[in-house]
Amino acid sequence: MDQLSLFSELDSTEMVIPADVISPLESNKSVKSRDFKKQQRRWSKYVKSVQDSHHCSWFDARKLLIEHRDNQVPIEMRLVE
């Protein structure tokens, strides 16, 4: 039975990273603001998705994410909640 491959195909997809997915270092929001926290959580989810999909470190996933976002090239991502 190929159950594992069946499930792994369902939770992974290619997508273009929206330009407004920015790292906390790129943010112009106040560190204590709700908007900053929201950007931070969103960034973290995207990096974690790339990291899980590409089986790499946080720093490598961050680099991949920025590269693909800036060039608007699709990247494979594992969908996480």
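So how much slack lies between GLN72 and PHE59, counting 0.36 nm per residue of separation and subtracting their Cα-Cα distance, in nm?
Details: separation 13, 0.36 × 13 = 4.68 nm, distance 1.95 nm.
Residue separation times 0.36 nm, minus the Cα-Cα distance, leaves 2.7 nm.
Working only with C-alpha atoms, what are the Rg and Dmax values of the stretch 18-81, expressed in angstrom?
11.7, 32
Every number in this text was worked out from the coordinates using simple rules, so none of it is lab data. Small disclaimer: the values here were computed from a predicted structure and weren't measured.
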